[in-house]
1. Of all helices (runs of 4 or more DSSP H) completely enclosed by the stretch 64-147, which ones contain at least 2 residues that are of a type in the set (S, T, N, Q)?
2. With the structure loaded, tell me whether Ala403 is within 16 Å of the ligand (Cβ to nearest atom), at pLDDT 95 or above and surrounded by 22 or more Cβ atoms within 10 Å (Cβ to Cβ) or whether it fails that test.
3. Which helices (runs of 4 or more DSSP H) does the stretch 253-348 wholly contain that include 2 or more residues that are within 14 Å of Arg439 (Cα to Cα)?
4. Which of the residues belonging to the stretch 271-293 are away from the ligand (no atom under 16 Å from the Cβ) and either crowded, with 24+ Cβ neighbours inside 10 Å or among the hydroxyl-bearing types (Ser, Thr, Tyr) (or both)?
5. Of the residues Pro304, Pro329, only one is open to solvent by 50 Å² or more (accessible area, probe 1.4 Å), in contact (Cβ under 8 Å) with a residue 12 or more places away in the chain and either under 27 Å from Gly236 (Cα atoms) or in contact with a helix residue (DSSP H, G or I) (Cβ under 9 Å, 6 or more places away or on another chain) (or both); which?
6. Give me the pairs: first residue in the stretch 278-294 and farther than 16 Å from Val95 by Cβ, second residue aromatic (Phe, Trp, Tyr) and open to solvent by 10 Å² or more (accessible area, probe 1.4 Å), beta-carbon distance under 6 Å, and six or more apart or on different chains, which are they?
7. Could you list all residues from the stretch 355-374 that are surrounded by fewer than 20 Cβ atoms within 10 Å (Cβ to Cβ) and part of a loop (DSSP other than H, G, I, E, B)?
8. Going by the conditions given, is Gly409 at pLDDT below 95, within 22 Å of Thr237 (Cα to Cα) and open to solvent by less than 30 Å² (accessible area, probe 1.4 Å)?
Amino acid sequence: MQVLEKDFKFLLNGEWSFSSSNQFINIYSPSTGEVVGRVPAMTKDEIDKAVAGARQAQKKWEKLAVSERAKILHAWADELVKMIDVIAPMIMNEVGKNISTARKEVTRTAEIIRYTAEEGVRIHGEFINGGSLDADSSIKTAIVEKKPLGVILAISPFNYPINLAATKIAPALIAGNAVVFKPATQGAISGLLMIQALENAGLPKGLVNTVTGKGSEIGDYIITHPFIDMISFTGGTGTGQNIARKASMIPLVLELGGKDPAIVLEDADLELAATEIVSGAFSYSGQRCTAIKRVLVLKDVAAPLIEKIKEKVEKLTVGRPEDDADITPLIDESSADFVQGLIDDALAKGASLITGNKREKNLIYPTVLSNVTKDMKVAWEEPFGPVLPCIIVDSVEEAIEIANESEFGLQASVFTSNIEKAFTIASSLDVGSVQINGRTERGPDHFPFSAVKNSGLGSQGIRQSIISMMRDKVTVINLKK
Ligand code: G3H
């Protein structure tokens, strides 16, 4: 096997190794098109060893005091920050995120790990007295313990290669679980570097094993592995649905796609709304599940709002992540083709181009479309790119109806100066979270983060993630009558 300088190893039971397959997967920079590095294409036999090793290591880890587990997480956060000058440029190279956002991803991840360690030590069981529901309450005493699930399969997406990995791995570990970590191919090296930081922090052998390889080849094998006890996945809706169909009788937490609307009322602060919408729609070139992906604006304020959005979008810088541009090349050419297809379809069906619709390979300039109607694909499909469709509505009721007609239900924003109206609208929206007068986003990371419909399953956020990786174990003492 010819090993190149940019070849990375996987971590299996405390050893960094190449695969016996002698195969690697190239990771290309979305910005330069050059090979950033290669990760091993692991065999099914190696995956079996990764899961078995994790299962073995978990037994000892579970018995360690939670404060000792927390110490390792704190040390991990420290090691991660020490490696920021290695990891942030790697995130930039692998996934085309601009360098300042990549650095923020590292510091945000360290903060999440620390908070998870602190939160985890305060999660404990309870003690309940009872008889039958309507009888003597002193006959039975239940000791309810919080137990780990076992081996958690953590599958992370390309767009937050370390953040959305650590938000699975840290809660799993503090709860006493072991982890098999399968990063998305693009972003895998950043994920492996993050695990290197965890190893530097004193990770016990086998407690976190990494799996690299093409999802299309090993994905089904690992999600149906009999010794995986829970899957936490972030990624595309199609892949999430495949996991939900195939992984049987284990808990799942799925964070999938979105089509988050920003609903703008006549009495909204339009300057604030435009600022939040542009930031929400175009950060990391729209490659966020929580990006604002459509504007539903009341007709009386449509023109001034769209004018403000246009002004702000035209100030965004477009270029290379190395130069810290706001809008950078999309993850690959086929993603850019998809976004371009949505723009072309809308324009062919009569949408008005407000700004943008320029493309250089996988670099799509920020594009705003108005007079978007329900027959256009961009009204419903998730672009995961820098295109913002504006739909002009006659009433709040129509905005709510269009918002809820989507197959997705992640988040929504409502912009209005009438807080009562905002609450009424919020309560009618079929989504996990509603942001009043702010952009859609996951953070702060200790808030619950959930979704309905095709946007996901289960609840995340630091405390919810830890609890999702635990079960209740009940021991009942029956007293003599
Ligand atoms: O892409 C999905 C992420 O969970 C979104 O996170 O709102 O912090 O960008 P964010």
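The values are calculated or read from the model by the stated rules, or taken from the named source; none is laboratory data. Predicted, not measured: the structure shown is a model, and the values here were computed from it. Cβ: placed from backbone, ideal geometry, glycine included. Neighbour counts: every protein chain shown. These area figures cover heavy atoms from the full protein model, side chains too; ligands, DNA and RNA do not enter into them. Shrake-Rupley method; radii C 1.70, N 1.55, O 1.52, S 1.80 Å.
1. Correct list: 99-120.
2. no
3. Passing ranges, in order: 270-282.
4. Ala273, Ala274, Thr275
5. Of the residues listed, the single one that is open to solvent by 50 Å² or more (accessible area, probe 1.4 Å), in contact (Cβ under 8 Å) with a residue 12 or more places away in the chain and either under 27 Å from Gly236 (Cα atoms) or in contact with a helix residue (DSSP H, G or I) (Cβ under 9 Å, 6 or more places away or on another chain) (or both) is Pro304.
6. From residues that are farther than 16 Å from Val95 by Cβ, there are no pairs.
7. Those that are surrounded by fewer than 20 Cβ atoms within 10 Å (Cβ to Cβ) and part of a loop (DSSP other than H, G, I, E, B): Asn357, Lys358, Lys361, Tyr365, Asn371, Thr373, Lys374.
8. no
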